[in-house]
1. Can you list the HN-Hα couplings for region 145-159, worked out from phi with the Karplus curve (6.51, -1.76, 1.60; θ = phi - 60°), rounded to whole Hz and with x for Gly and Pro?
2. Can you give the percent of C-alpha pairs in the chain whose distance is more than 38 Å?
3. Could you put 333, 217, 181 in order of accessible surface area, largest first, with the 1.4 Å probe and the full protein assembly present?
4. DSSP beta bridges in the chain, what fraction antiparallel, as a percent rounded to 5?
5. Taking a probe of 1.4 angstrom, what is the accessible area of residue 101 in Å², to the nearest 10?
6. Round to the nearest 10 and give me the degree value, 0 to 90, for the angle of helix 313-325's Cα axis relative to the longest principal axis of the chain.
7. Please check: in the Gaussian network model of the chain (C-alpha springs, under 10 Å), which one of 145, 358, 110 has the largest mean-square fluctuation.
8. At 1.4 Å probe size, with the rest of the protein present, what percent of the exposed accessible area of the chain is carbon and sulfur atoms?
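The values are calculated or read from the model by the stated rules, or taken from the named source; none is laboratory data. Treat the numbers as computed from the prediction; the structure is a model and nothing was measured. With ideal geometry, Cβ positions are generated from the backbone for all residues, glycine too; neighbour counts draw on all protein chains shown. Areas reflect the complete protein model, heavy atoms only, side chains present, ligands, DNA and RNA absent. Shrake-Rupley method; radii C 1.70, N 1.55, O 1.52, S 1.80 Å.
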Amino acid sequence: MCNKYHVLFSFISFLIVILFPLYPVMAAKDTTAQLADLKVFVTGQNQLKPSFSSTHRRYSLLVQSDVTTVMIRAITASTEDYLKINHMKVVSSDLYTAKLHSGKNEFEIMVTNPAGIEKKYSLHIVRENIQPVVDKFLKYTYTDMQTGTTMEYRLFKPDHYSMLKSYPLVLFLHGSGECGTDNEAQLIANQGATIWAKPEEQAKNPCFVLAPQAQYTWNDDPAFTPANQAADLDMAIKVLQRVVESYHIDKNRLYATGVSDGGSAVWRLNEAYPSLFAAMVPVCGEGDPTQADKIVGKPIWAFHAEADPIVSVEGSRAMIQAVRGAGGVPLYTEYPKNTYIYPIAHYSWILAYQDHKMRKWLFQQIKK
């Protein structure tokens, strides 16, 4: 009996001596490959759901239609692990550029440790399909009977439009990149027009949305002949007048907003017609500070990014300072240099039109 225990003890000792040196290798094989962190950089306030945790494998994110690219940063728990996103090798913590198409976008994030153990994470990014909203904008061409000049424009009419009530109207002036005659670019480049026509917005504030398309430019530009300078802006006013005359629209609740070249046009338009609009929202534009006294009593909320490389932030700063100096109380939102705006800080309109407080504020303004 004693011999049996002796033999068993000897065998166990033998296993310990043989296997103990292999323990580090076996432990390495048992190490779990995983992420230490996952972030998605997107212009706006969109949040990854659920928030990152090592226990979660599936994540989702919703972005609006004018967000076409996001950056994914995945960090492995171990520096020895390697990483792939959609089968492409990526260095841990480096930014992976993800181009988005409308609808569902699927990303597989695979972490593999030196022993070959893998762990897969999935990221579902849904980019809003804005086309159903765009399709609700009616297509028109306005012809000036005196000059024969034409202007393409799109008009959104509230779903349950009734002649028994009057409606506010939002005029949107696009940027220089949307000039032309296709009568669509001004709706799909950003949400300056469509944001007001979305069902959830219309449920709170039913309104008309007018989006004319400039052929050349809204503002004076030496690149064009004198005959074309600002002619588009004059035509936009004629289109606005035609729409106001054709529908039951509240003339005390006309609002003007625009981006870039269109943002500058909003300043100019209100300086030229100070009693026309109840409020204005110029985004990354610039006006004429010498004309500030004409709009001193008008509700204004301007937006600009400090790092804008296309239209200097000084344009908005100068206008706000001039209006305040004349006795006005305009609102101004300036996004600091460290604000994430892709691809460049000029695209501050993405953030501006996401601002729920601004949209609510706008419809509260009534011309006195």
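1. Rounded to whole hertz, the list is 5, 7, 10, x, 5, 10, 9, 7, 7, 10, 9, 9, 10, x, 4.
2. 35
3. 181, 333, 217
4. 60
5. Counting only protein heavy atoms, the figure is 100 Å².
6. 50
7. 145
8. Here carbon and sulfur together make up 56 percent of the probe-accessible area.
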